[in-house]
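The values are calculated or read from the model by the stated rules, or taken from the named source; none is laboratory data. Since the model is a prediction, treat every value here as computed from it, not as a measurement. Neighbour counts are summed over all protein chains in view; Cβ atoms, including those assigned to glycine, are modelled from backbone coordinates with ideal geometry.
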Amino acid sequence: MTKGQLQIHSQNILPIIKKWLYSEKEIFVRELISNACDAIVKRTIVDNSASVTHRVDVRIDKEAKTVTFSDTGIGLDADEAEKYLAQIAFSGAEEFIKAYQTNDAFIGHFGLGFYSAYMVAGTVEVKSKSYKADAASILWSCDGSSEYEIIPSDRQNVGTDVILHVTSEHEEFLDEEHLLDTVRRFCLFLPYPIYVNDTLINEKEPLWLKAPASCSDQEYIDFYQALYPFEEAPLFWIHLNVDYPFHVKGILYFPRVHDNFDPNKNKIKLYSNRVFVSDDCRDVLPEYLTILNGVIDSPDIPLNVSRSYLQVDKTVKALSSHIAKKVLDALDTLKKSDLERFYKVWGDCEFIVKYGMLHDDKFAQKAKELLVWKTTKSSHVTPDASATHYYVTEEQLGSPLVELYEQKNIDVLIAKMPIDAAIMSKLEHSSSIRFKRIDSNLQEGLVDSTSGDNSALVDFVKKSLALDGVEVEAKNLTTQETAGIIVIGEEERRLRDYLARISKEKMASAPVKKTFVVNTNSPLVQAIQKMKDNELASMMVRELYDLAALGQKELSNEEMRAYITRNTKLLEKVACAI
């Protein structure tokens with residue numbers, strides 16, 4: 001029997017491990033199983049002639065209150081137990097303690113994984129038999145203090161058992177379902193079979209390690225549903241396989257985005273050599289791509305000492321930029337190779353692309369080549385960088401103005417999301433392209449230039465409306481169906497919409513010039529001009545203005561209530577006149 005003291009100030013380091021080093025106590029499962037897999041790898045290197053079916057077993061003994069991690073790996077003899085278990089495997093221990101207590105971003109790999117067992121265990125025992133010929137089996141044990149002992153053990157086969165005597169406050173790890181879920185979370189893609197009480201955990205191979213050319217669409221979909229059970233199939237995916245300037249593999253999925261889509265529900269999972277690290281990839285991916293799902297695996301990503309989260313450095317920043325480029329490359333390839341499919345998926349991924357354009361100029365430079373807008377004719381248009389394009393918001397699709405533009409065969413883009421206004425402004429600043437909403441002015445082709453003198457009509461409409469900030473024009477439109485249009489200059493309306501997103505008070509205080517364009521080609525307008533009842537005619541003029549505002553979504557809730565009151569009075573007057 002050998003007794004000794006851990007060759008470090010363990011009375012200091014073990015409390016740090018328990019309380020500060022690991023962000024989650026469940027991480028001990030990952031550390032012990034990945035250590036077991038490492039031991040198996042080492043055995044295959046030095047003893048590959050052994051006819052052993054390698055595996056890792058995790059077993060619960062509720063009566064003894066133990067959880068045992070068993071492997072068929074290289075094993076330890078007494079000297080190795082002294083070296084690797086009795087000495088926490090890093091140099092400069094006192095400096096580490098001081099640094100870690102004052103610097104949460106301490107970088108390094110210190111072989112502390114084994115000691116994570118003390119997060120949940122009072123005593124830890126290690127039974128092991130080395131692969132070396134004639135090596136005696138040993139039992140190393142330590143109760144978390146600075147003292148340990150090594151005695152002979154009865155283990156017959158090469159490999160190691162790590163036995164955790166679980167403390168009373170952590171007995172949830174004696175629950176099989178809880179332990180199963182924990183092992184699945186951290187160890188789903190490790191390279192050797194892992195069993196929890198004889199239940200195989202890691203049936204799925206990590207698809208990201210396969211060559212993209214050898215993966216079928218169905219394999220990608222099946223893998224996605226293994227990661228995110230019960231979710232809809234993704235739109236499409238990007239298979240990362242980068243060897244330079246850093247090693248990174250992975251699969252990024254574009255999920256289907258609905259009105260009730262929760263971007264925080266399914267996150268990208270970060271792995272390092274198939275070992276789960278985190279489901280928080282905010283530093284590996286640009287913010288605008290965190291809506292994606294999937295897996296990223298890289299041995300080059302610098303982790304903190306506990307492998308719990310990233311150390312942000314130039315490698316991580318370069319990787320983030322590279323992944324953004326790969327996303328754009330994949331979309332560009334799809335657009336060029338299968339335009340119809342690109343149009344189908346664009347509606348779900350356009351927000352991601354547009355959001356990225358607003359936050360990353362380098363991303364925007366390439367992404368603008370991907371931009372397409374659906375039109376009111378149900379086609380798709382790539383904007384001409386030197387032309388003027390008319391658009392309508394999704395909520396205004398019911399406006400009679402849309403039909404007016406369609407009659408003249410003018411493509412009208414559908415801006416279905418608030419972010420479109422910002423994207424249009426960005427494009428206008430970098431090229432001669434211009435965007436105008438259909439109610440920002442009247443395109444020349446919509447007006448008949450043969451209009452006569454309409455000054456009397458303009459004066460009557462102004463007097464009837466008596467609205468501050470509303471100008472009146474009379475024009476002969478090329479349609480009879482639309483009696484009036486409210487025009488607001490594009491820049492003024494964009495400013496108003498911007499202020500509306502900040503606060504309703506600021507929007508209300510912003511001066512906006514409106515022009516009510518009366519259509520002299522409308523039979524209704526012509527009939528109003530001939531009416532002998534001036535009061536009724538004035539009420540009809542206000543009705544025309546209200547209908548235009550209603551169709552163009554320009555009525556506030558308060559204005560809507562006032563409109564209903566006026567409309568009721570108008571109907572009463574008309575009914576009484578019959």
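Taking Glu491, is it in a helix (DSSP H, G or I), modelled with pLDDT of 85 or more and either of a type in the set (Asp, Glu) or surrounded by 17 or more Cβ atoms within 10 Å (Cβ to Cβ) (or both)?
Spelling it out, Glu491 is indeed in a helix (DSSP H, G or I), modelled with pLDDT of 85 or more and either of a type in the set (Asp, Glu) or surrounded by 17 or more Cβ atoms within 10 Å (Cβ to Cβ) (or both).
Looking across the stretch 551-565 at every residue that is surrounded by 11 or more Cβ atoms within 10 Å (Cβ to Cβ) and polar (S, T, N, Q), the one that is farthest from Pro400 (Cα to Cα) is identified as Ser556. Restrict the check to the stretch 141-148 and report whether at least one residue is at pLDDT 95 or above and under 21 Å from Arg30 (Cβ atoms). No, there is no match, as no residue in the stretch 141-148 is at pLDDT 95 or above and under 21 Å from Arg30 (Cβ atoms). Of all residues assigned to the stretch 427-441, none qualifies as being at negative phi, without any contact (Cβ under 8 Å) to a residue 40 or more places away in the chain and buried (at least 16 other Cβ atoms within 10 Å of the Cβ).
Can you tell me which residues in the stretch 515-545 are of a type outside the set (D, E, K, R) and free of Cβ contacts under 8 Å to residues at least 24 places away in the same chain? Let's see the steps before the verdict.
So in the stretch 515-545, the residues of a type outside the set (D, E, K, R) come out as 515-529, 531, 534, 536-541, 544-545.
Result: Gln526, Ala527, Ile528, Met531, Asn534.
Taking the stretch 118-153, which residues are aromatic (Phe, Trp, Tyr) and within 14 Å of Ile74 (Cα to Cα)? Step through it out loud before you land on a result.
The initial filter retains those residues of the stretch 118-153 that are aromatic (Phe, Trp, Tyr), namely 118, 131, 140, 148.
Correct list: Tyr131 only.
The residues on offer are Lys514, Lys573, Lys532, Lys475, and the sole one that is in contact with a Gly (Cβ under 9 Å, 6 or more places away or on another chain) and among the charged types (D, E, K, R) is Lys514.
The sole residue among Tyr224, Tyr228 that is in contact with a Pro (Cβ under 6 Å, 6 or more places away or on another chain) and either touching a residue at least 60 places away in the same chain (Cβ under 8 Å) or within 24 Å of Val41 (Cα to Cα) (or both) is Tyr224.
Filter the stretch 192-219 down to the residues that are assigned to a loop (DSSP other than H, G, I, E, B) and either on the phi > 0 side of the Ramachandran plot or surrounded by 15 or more Cβ atoms within 10 Å (Cβ to Cβ) (or both) and list them by number.
Tyr192, Asn197, Asp198, Ile201, Asn202, Pro206, Lys210, Cys215
If you go through the stretch 161-179 one residue at a time, do you hit one that is assigned to a helix (DSSP H, G or I), modelled with pLDDT of 90 or more, among the charged types (D, E, K, R) and touching a strand residue (DSSP E or B) at 6+ places or on another chain (Cβ under 8 Å)? Quick ask: steps written out before the conclusion?
Just the residues of the stretch 161-179 that are assigned to a helix (DSSP H, G or I), to begin with: 168-174, 176-179.
Filter once more, keeping what is modelled with pLDDT of 90 or more: 168-174, 176-179.
If we keep only those that are among the charged types (D, E, K, R) too, we end up with 169, 171-172, 176-177.
Filter again for touching a strand residue (DSSP E or B) at 6+ places or on another chain (Cβ under 8 Å), leaving 176.
So far as the stretch 161-179 goes, yes, one or more of its residues are assigned to a helix (DSSP H, G or I), modelled with pLDDT of 90 or more, among the charged types (D, E, K, R) and touching a strand residue (DSSP E or B) at 6+ places or on another chain (Cβ under 8 Å).
The C-beta contact set for the stretch 546-571 (first residue closer than 25 Å to Tyr391 by Cα and free of Cβ contacts under 8 Å to residues at least 40 places away in the same chain, second residue of a type in the set (Asp, Glu) and not in a loop (DSSP other than H, G, I, E, B), distance under 9 angstrom, 6+ apart or interchain) comprises Asp546/Glu559; Leu555/Asp546.
Does Val277 qualify as being assigned to a loop (DSSP other than H, G, I, E, B), surrounded by 13 or more Cβ atoms within 10 Å (Cβ to Cβ) and within 21 Å of the chain's Cα centre (by Cα)? Write out each step before concluding.
On the way: assigned to a loop (DSSP other than H, G, I, E, B): no; surrounded by 13 or more Cβ atoms within 10 Å (Cβ to Cβ): yes; within 21 Å of the chain's Cα centre (by Cα): yes.
No: the conditions fail for Val277.
Residues that are in contact (Cβ under 8 Å) with a residue 40 or more places away in the chain and among the acidic types (Asp, Glu) within the stretch 392-426 comprise Glu395, Glu403, Asp420, listed in sequence order.
Entry remark, the stretch 202-251: residues being under 21 Å from Ser298 (Cβ atoms), charged (D, E, K, R) and within 19 Å of the chain's Cα centre (by Cα) number 1 in total. So for the stretch 341-353 (the condition being at pLDDT 90 or above and aliphatic (A, V, I, L, M)), does at least one residue qualify? Checked against the condition, which is being at pLDDT 90 or above and aliphatic (A, V, I, L, M), the stretch 341-353 yields at least one hit. Would you be able to tell me the number of residues in the stretch 27-50 that are buried (at least 21 other Cβ atoms within 10 Å of the Cβ) and more than 17 Å from Ser128 (Cα to Cα)? Count: 5.
Let's see how each residue does on (1) at pLDDT 85 or above; (2) surrounded by 13 or more Cβ atoms within 10 Å (Cβ to Cβ); (3) over 21 Å from Gln396 (Cβ atoms):
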site: Arg496; (1), (2), (3): no, yes, no
site: Lys506; (1), (2), (3): no, yes, yes
site: Val512; (1), (2), (3): no, yes, no
site: Thr520; (1), (2), (3): yes, yes, yes
site: Val525; (1), (2), (3): yes, yes, yes
site: Val541; (1), (2), (3): yes, yes, yes
site: Asp546; (1), (2), (3): yes, yes, no
